[in-house]
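Everything on this sheet refers to the single structure shown next.
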Amino acid sequence: MAGLSLLDWALDGLLALLLLWLAWRALASPELFRAVVLFIAFGLVLALVWARLYAVDVALAEMAIGAGVTGALLLAALVRLEPPIGRGRQDARDGEVYDHD
């Protein structure tokens with residue numbers, strides 16, 4: 001088996017740093033939509049990492065389940081959430097719409 005070239009090391013290092021950055025941004029994001037999109041991107045990059053490790057079956061499962069199905073379910077759950085206070089939510093007492101921006 002041949003050793004890794006400098007380009008292989010650079011690509012693997014870039015993928016590792018990208019995974020760490022995406023994971024950190026997804027966990028630290030205060031906006032739920034952005035966190036879900038970053039989670040989906042994390043799953044897609046992780047599928048690339050599995051493909052680089054020659055685990056194509058795991059890469060396909062990660063793309064289908066991790067990024068695809070789970071991402072779609074998270075987006076569907078996000079749509080069902082109530083809008084946050086201050087974004088046009090109506091007050092139940094008097095029916096007025098308050099916009100605090």
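Just so you know, all these numbers are worked out from the coordinates, no wet-lab data involved. Being a predicted model, the structure only gives us computed values, none of them experimental.
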Restricting to Cα pairs under 8 Å and 6 or more apart, the percent relative contact order of the stretch 1-53 works out to 34 percent
Log entry: pair-distance distribution for the stretch 31-80, C-alpha pairs binned every 10 Å from zero, whole % per bin is 30, 46, 20, 4
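Report the gain in length on full extension from TRP24 to ALA10: 0.36 nm times residue separation, minus Cα-Cα distance, nm rounded to one decimal.
Numbers: separation 14, 0.36 × 14 = 5.04 nm, distance 2.10 nm.
Length gained, TRP24 through ALA10: 2.9 nm.
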